[in-house]
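Have a look at the structure below before the remarks.
The values are calculated or read from the model by the stated rules, or taken from the named source; none is laboratory data. Owing to the predicted nature of the structure, the values given are computational and were not obtained by experimental measurement. Note that we place each Cβ from the backbone using ideal geometry, even for glycine, and neighbour counts take in every protein chain shown.
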Amino acid sequence: MTAKTILLVEDNPQDEMLTLRALKKINLANQVDVVRDGQQALDYLLREGEFAGRSGPELPAVVLLDINLPRISGLKVLERLRADSRTRLLPVVILTSSDEEQDRFRGYLNGANSFVRKPVDSSKFYETVSRLGVYWLAVNDPP
Amino acid sequence: MNSSADGEAKSQTHTCLGCFVTYAAAIASAAAAFIIYQALSHLVGPGLPPYILFYPAVMLVALLAGMGPGLLATAVAEFTVIYWILPMEGHLAPARVVEILGTVVFLGMGVFISVVAELYRRARERAATYKQEISLHESETRFSSVFHTDPIGMNITRFADGQYLDVNESFLSLFGYMREEILHHTATELETWAAPEERNRFIRTLRDQGSVRSVETRHRRKSGEILIALVSAELIEVSGERCILTLLQDITERKRAEAMLRESEEHFRDTLDNMMEGCQILGFDWRYLYINKAAEKHNRRSNEELLTKKYLDMWPGIETTEVFKVIQRCMEERVTQRIENEFVFPDGTVGWFELSIQPVPQGVFILSQDITERKRSEKALSDSQRLLKVILDLVPQFIFAKDRNSRHVLVNLACAEANGMKPDQMVGLRDLDFVRDQAQAKSFMSDDLEIIESGKPKIRFEERLTDATGRTRILQTTKIPFTLPGTAQTALLGVSVDITELKLAEAEVQKLNAELERRVHERTVQLEAANKELEAFAYAVSHDLRAPLRALDGFSQALSEDYGPKLSGEAHNFLDQIVLASRHMGELIDGLLTLSRSTRGELQLEEVDLSAHAEAILAEHAKAEPFRRVTWTVEPGLGARCDSRLIEVVLTNLLDNAWKYTAGTPEPTIRFYAEHRGNEHIYCVADNGAGFDMRHADKLFQPFQRLHRQEEFPGIGIGLATVQRIVHRHGGIIRATGTPGKGATFSFSLS
């Protein structure tokens, strides 16, 4: 069976590092792919552009999507994903440091499966990320 | 009637006495003649014829007394001559032939004279009797003709039984009877007397006085009609019977006329008495002859006080007044006078009377009318007219009235001045005559015409007038049709308000408004832009500032975890400090964000269950710190209309504080309740924790101000500022009271 992967869409290198470290703690680090902006995310998921010839499983088990991304914003990416039949059911967790009401609302509206705020407190951050990883890769049954 | 019998006796006695007197007189006259003769003869001497005096004496006696006394006088004279006169001459008897002749002649003459005298007397008597008889007959005839032709009714009735013996034509026609119907009937039978007592009285008077003169009596005609007559009657004798001759003058008509006159006089008198105007009559002697009720009122004196008194006596001091002079003029010159008189009464009060003084036969007639009220109203009217004029001229608006032909009949000062004239100059002129701009004048006049003809007013319309100085004014005019006082003519009343200034002001205001709108619009745009900036900023803050914090925190942690054993205690300490600092910064950012958010955005008002929120918050705290035993009471059912999210912030802040500051209290209690003051709700969060010094209370709600040291109670000091801002946005106020060591209470209202 193909190993489940996580796609991390994160433009902030520090956050990226911390997220990976957290996932490493629960031994999920090897199954994480990282893209750094919205366009890359789309390309990866739809196997277009940059990632046209991507190998690996068709789709990740979950996408950890930030909202504030260069090129194409997270919400826009989500929109596109949900518009495409290939990625309509793809579980997407919005992982963002924004606690704007608007973003959460728009996130769900655009079809996010979950909305999680990145806590400033790193220990909480690690906890959150671990939980996310465990849940989406172990507990949840993908579509 | 007894008089004739008595008369007879009397005449008999008279006759006897008469005879005696006449014969005595005869003797006396002879004696007198003798004495005179004696006297004469003494004077003249002898030679006087003896019978010279006796002739006249005898003639006299015979003529006067008749034959008898004449003969006696002759005899006595003869005797006297023979026995007295002749002897004196010397001899006793008539001796001489002359003497004897004289004697015989005298005797003869004496007898002759007596007889002739007697014959003469008898003849005269007969003539007299004849004349008497003729005249009696004549008078009887005359009487009869009078009786029968006299317009006055006459009747002769027998005294004894009242039977009608004769009646004249007038009587018959008065009573309406025929002769046969009356004659030989009695008055009582025929009931010709209307009242028997009158007849009885009439008879009694006749009996007592022999006649009745002009007595008013009532009779009954044959027809039953009552006749009023003036009756005179006389007792007469007819054919030896005692009768009554009655004369009746029909005064029925006269009586009726009199009664009517009296009635009408009474009526007039009544009218006069009751007239509204005062009527007084002063006699030529200036005495009050008549005063009617109204005059009594005008004079404020009663009839009894004034009647018969003199005018000047009743009103001392009046002779100096005009009114007296006027009455006097009428009294003397007999010319009607009129005067309006202001009369001061003795008690000092004043009345106005209009007097009309006319000459009348008795003196003067004064008609008085109390015009006090009229005068008072006239004065009041003229006062109010004056006031009106003053007001009209005081008023800055133009007030004017024009007649049908658009000629001004009334103009106030303001209107006239605007047209460069005085009010009286403008009266009579039309707008065409003085308004500079002919087009304007034509427009005014055509408006006037339309309003007068249609009868519809034109209210608050604008028009232009170029005034006397050449300035164009904008007027707001109202013109209404109305009737000129004192005529039935329709005219026009107008009021114009000079709104030139107003218009300018309006234009100005509009300009300013437009300017204001523009500025507001500008500002709004600016504000919106600013808001947007702020939002972007807040967003940036929330997002971009947190990320580095996370990194700070995360890598410090990572360091500590992954390289922990290789680090010294101090190194760990340093790392802890880094973490603490970054966490602190995170809280600050959160606080700032919350603060900024609390002032942005519109309040979304809804009914919020405050009690539920409070319970939830406290429950969270309890769950987070299960080791702390805090007693809390939340008044149930507290709700308010507010923004749910923002109130959440408020309650969270206040309850968090309460929780925090009771950390060191042995038996901590937190209460959330509401107080009612009037129709305001005051929500309170009270604790028995550390409290605070009221002296520094003003710092409480300022951002970043703390009243406790960080080690005592951690915190960033921004919460209360936010709470205050939220409460203020809801239009409420927040207050804090506290006592160090005892506790604090925060109370807020939401509207």
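Summary table
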{"read-out": "Unique residue being exposed (fewer than 11 other Cβ atoms within 10 Å of the Cβ) and either out of contact with any helix residue (DSSP H, G or I) (no Cβ under 8 Å at 6 or more places or on another chain) or more than 14 Å from chain A (Cβ to nearest Cβ) (or both) when the list is B:A530, B:A507", "value": "B:A507"}
{"read-out": "Among (1) touching an Asp or Glu at 6+ places or on another chain (Cβ under 7 Å); (2) on the phi > 0 side of the Ramachandran plot, the one test that B:S302 misses", "value": "(2)"}
{"read-out": "Checklist (1) surrounded by fewer than 19 Cβ atoms within 10 Å (Cβ to Cβ); (2) touching a residue at least 12 places away in the same chain (Cβ under 8 Å); (3) farther than 30 Å from B:R645 by Cβ applied to A:D43, failing item", "value": "(2)"}
{"read-out": "Residue selected from the stretch B:533-556 under the condition facing another protein chain (nearest Cβ under 8 Å) and of a type in the set (F, W, Y), by the criterion nearest to A:Q14 (Cα to Cα)", "value": "B:F555"}
{"read-out": "Residues (more than 10 Å from chain B (Cβ to nearest Cβ) and over 14 Å from the mean Cα position of the chain (by Cα)) located in the stretch A:9-25", "value": "A:K24"}
{"read-out": "Filter pass, A:I72 being β-branched (V, I, T), more than 13 Å from A:V129 (Cα to Cα), within 14 Å of another protein chain (Cβ to nearest Cβ) and in a loop (DSSP other than H, G, I, E, B)", "value": "no"}
{"read-out": "Selection from the stretch A:117-140 of residues that are assigned to a helix (DSSP H, G or I) and within 13 Å of chain B (Cβ to nearest Cβ)", "value": "A:S122, A:S123, A:K124, A:F125, A:Y126, A:E127, A:T128, A:V129"}
{"read-out": "Flag for B:L559 being in contact with a strand residue (DSSP E or B) (Cβ under 6 Å, 6 or more places away or on another chain), at negative phi, more than 10 Å from chain A (Cβ to nearest Cβ) and not acidic (D, E)", "value": "no"}
{"read-out": "Any hit, the stretch A:93-116, residues being more than 16 Å from the chain's Cα centre (by Cα), in a helix (DSSP H, G or I), crowded, with 18+ Cβ neighbours inside 10 Å and touching a residue at least 40 places away in the same chain (Cβ under 8 Å)", "value": "no"}
{"read-out": "Qualifying positions in the stretch B:589-602 - away from chain A (no Cβ under 11 Å) and either more than 17 Å from B:L527 (Cβ to Cβ) or buried (at least 16 other Cβ atoms within 10 Å of the Cβ) (or both)", "value": "B:G591, B:L592, B:L595, B:S596, B:S598"}
{"read-out": "Leading residue by the ranking (farthest from B:S596 (Cα to Cα)) among those in the stretch B:613-660 that are touching a residue at least 60 places away in the same chain (Cβ under 8 Å) and of a type in the set (S, T, N, Q)", "value": "B:N657"}
{"read-out": "Flag for A:I67 being within 14 Å of chain B (Cβ to nearest Cβ), part of a loop (DSSP other than H, G, I, E, B), of a type outside the set (F, W, Y) and surrounded by 15 or more Cβ atoms within 10 Å (Cβ to Cβ)", "value": "yes"}
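Residue by residue, here is whether (1) under 60 Å from the mean Cα position of the chain (by Cα); (2) under 21 Å from B:S139 (Cβ atoms); (3) in a loop (DSSP other than H, G, I, E, B); (4) free of Cβ contacts under 8 Å to residues at least 24 places away in the same chain holds:
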residue	(1), (2), (3), (4)
B:S170	no, yes, no, yes
B:H184	no, no, yes, yes
B:H219	yes, no, no, no
B:T246	no, yes, no, no
B:E253	yes, no, no, yes
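Yes/no per residue for (1) at pLDDT below 85; (2) touching an Asp or Glu at 6+ places or on another chain (Cβ under 9 Å); (3) surrounded by fewer than 17 Cβ atoms within 10 Å (Cβ to Cβ); (4) outside the structural domain of B:A30 (by TED's automatic domain parsing):
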{"residue": "B:A75", "(1), (2), (3), (4)": "yes, no, no, no"}
{"residue": "B:F79", "(1), (2), (3), (4)": "yes, no, yes, no"}
{"residue": "B:M88", "(1), (2), (3), (4)": "yes, no, yes, no"}
{"residue": "B:H91", "(1), (2), (3), (4)": "yes, yes, yes, no"}
{"residue": "B:R96", "(1), (2), (3), (4)": "yes, no, yes, no"}
{"residue": "B:F106", "(1), (2), (3), (4)": "yes, yes, no, no"}
{"residue": "B:I113", "(1), (2), (3), (4)": "yes, no, no, no"}
{"residue": "B:A117", "(1), (2), (3), (4)": "yes, no, no, no"}
